[in-house]
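Working notes, beginning with the structure itself.
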Amino acid sequence: MHRFARGLIGVTQISLMICGVLQGQEFRPQIPRVWDDAAIASVTLPLAVASATPAQISSKYYYGIPVRPIFKSYPVYGPDREPAGYLEWLKQQEPQIVFDAAKLKTKDDWIRAGEIVFDAPMSYGHIFRLAASDLYLRLPDWYSSTGAPLLKDGSLPFYRYVIREKGKVEIGVNSCGMCHTRVMPDGWAIKGAQGNFPFDRAFAWELRDQPATPNPATSMIARRALHMLYSAPWIHPDAFPEIDSLDWAGMAQRHEAVPPGVLSRHGTSPHAPAKVPDLIGIQDRRYFDATGLTQHRNIGDLMRYAAMNQDGDVMGRYGDFVPVDALAKAPEDPAKLAGGRYSDEQLYALALFLYTLRPPANPNQPNALTAAGKKVFEREGCAGCHTPPLYTNNALTPVTGFRPPAGDARKFTVMPIVVGTDPDLALKTRRGTGYYKIPSLKGLWYRGPIEHSGSVATLEDWFDPRRLRSDYVPTGYRGYSVSHRAVPGHPFGLNLGSDDRSALIAFLRTL
Ligand code: HEC
Ligand code: HEC
């Protein structure tokens, strides 16, 4: 056996032995139909501009899209960290399909297969697919420009090399793990935690990676792709109005303004991005996304979330705007959609895996200071919204400037209190429902930046009353060409004395 494969096999054998003892029973799951037309139509909230609420593609079209096979993938290493002869070894490997639902017997098999789906790239080459370089992850410049962190063993956990054809090494991108893996300062990774892959900087690097004389046609395609990702033409003024006047550098600068942990996910915008949420604890969450866009009523909804966000929702019809049409019309025959989709079995395994995610052991143990902080938490009324044990009551709060429609209070869990944070993500984007959900406070010790757009880096900054002033310099996401701005709203805990504040923060870090 080759030295690169040896370590892996050992671990698999041990875990097979353990699960054979613990979970030997046959597991025959009832797999929900993911793209059920009625379930898809009811899973999301109406948008703040109700007439723009999307109608998604039909189940007939969705199930006509070919399923993406999941190929075996291999780690990517940083410059100077790649084992000698690695690329040549990869070129010798045969393509191998690693997800086969027919072979899954026990629940543990399904969960492990779900982890494979989590780590499986969705597409190949680039995140944006307009760049020039081949195997750009071997260029030191990519690492110095993006600042992407490496694991202790020198690998880059956000990307994988994939062999779909013997002799051809491809960069695999856009796995769940690309955005939902956090590398901690000493080089270990927390899977599912608020990711810290510098996605927008990597996007910007690709935008800047053009030939010396760029082809004007490709910059036009890039602008059209930005419309597909970010346009919400029913909103005036548009959240990203300048797309059509940008050259390569201008496009790249917008993305460079978005720090790791925050992401201009499709349907948001580089001017109103979303913090990457922690997926640990997801099974207890009632709403997904900062704006509570998608409900989580059962495991099927988590599968729907993944299917919509990774494959389907850019083909939905938002009033008379279909995002994908801004780039190129989707083919009438779904079989021609080369990108593919997940199978329902893959999504089921993935959801089971996400439900097993647990936080790492918390180094911040309770003591006298945190006990005092717990009292401050109770006295200040935090628990009314951030209710233990989940540290959220799972409700939505309307944002400044949004009047919830009469029926919402009956259909959704709405707390009629406006906390007054910046409303742009909730009002000016395709994910804009007019609400922000009350986030759980668990895991604050390992994640950040916080607030819906990740505007502040730390808890110290969140409870600093200076953040309300217009001359404040946000320590997290600030915005393109913004040197200072207020981080308004959420007045809770802002007028504490310094002892109470330190105690409260120490308590929050134990959660
Ligand atoms: C390109 C980066 C990216 C990729 C790839 C990605 N996500 Fe996300 N994910 C995000 C961002 C950013 C958000 C927050 C969006 C928001 O708040 O509007 C998010 C939100 C979520 C949420 C909502 C959680 C919550 O509590 O609000 C779930 C669930 C989720 N992602 C699961 C997945 C799964 C499963 C995959 C793979 C099938 C995946 N994501 C792939 C970036 C990504
Ligand atoms: C009326 C409900 C409400 C009360 C009371 C409340 N919060 Fe919040 N909290 C929210 C909402 C809503 C958000 C999300 C705001 C946003 O992202 O725009 C939030 C966000 C936070 C965040 C950022 C979390 C993250 O992941 O981004 C922290 C930390 C926090 N609250 C702590 C507290 C503490 C401590 C108290 C008491 C001093 C408190 N909150 C009181 C509703 C509340």
_Count, lysine Cα pairs under 21 Å in the range 3-356, 8 or more residues apart or across chains_ = 13
*What is the extension gain from Ala335 to Asn298, computed as 0.36 nm multiplied by their sequence separation minus the C-alpha to C-alpha distance, in nm to one decimal?*
10.4 nm
*Calculated from DSSP H runs of 4 or more alone, at -39500 (n - 2.57) each and per residue, what is the 222 nm mean residue ellipticity of the chain, nearest 500?*
-8500 deg cm²/dmol
*Just the accessible area for Val418, please: 1.4 Å probe, Å², rounded to the nearest 10?*
80 Å²
*asked:* Ordering Tyr136, Tyr143 by accessible area with a probe of 1.4 Å, largest first, what comes out?
replied: Tyr143, Tyr136
*Could you give the accessible area per residue of the range 234-377, probe 1.4 Å, as a whole number in Å²?*
39 Å²
*When the Cα centres of the range 60-120 and the range 436-511 are compared, how far apart do they sit, in Å?*
39 Å
*Roughly what percent of Cα-Cα pairs across the chain reach past 36 Å?*
32 percent
*Considering only the other residues whose Cβ falls under 11 Å of the Cβ of Pro270, what net charge follows from Lys and Arg at +1 and Asp and Glu at -1?*
-1
*Could you please report the charge total around Ala239, scoring K, R as +1 and D, E as -1 over all other residues with beta-carbon less than 10 angstrom from its beta-carbon?*
0
*Considering only the other residues whose Cβ falls under 15 Å of the Cβ of Gly381, what net charge follows from Lys and Arg at +1 and Asp and Glu at -1?*
0
*Packing-wise, with mean Cβ within 10 Å as the measure, how do 198-210, 26-38 rank, highest first?*
198-210, 26-38
*How do 424-434, 309-319, 77-87 rank on mean C-beta neighbours within 10 Å, highest first?*
424-434, 309-319, 77-87
*List the DSSP H helices in the chain whose Cα atoms stretch 20 Å or more along the helix axis and whose mean Kyte-Doolittle hydropathy is at least -0.5.*
3-22, 216-230
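The values are calculated or read from the model by the stated rules, or taken from the named source; none is laboratory data. Given the structure is predicted, the values throughout are model-derived calculations rather than measurements. Ideal geometry is used to build each Cβ from the backbone, glycine not excepted, and the neighbour counts take in all protein chains shown. Only protein heavy atoms, including side chains, enter the accessible area calculation; ligands, DNA and RNA are left aside. Shrake-Rupley method; radii C 1.70, N 1.55, O 1.52, S 1.80 Å.
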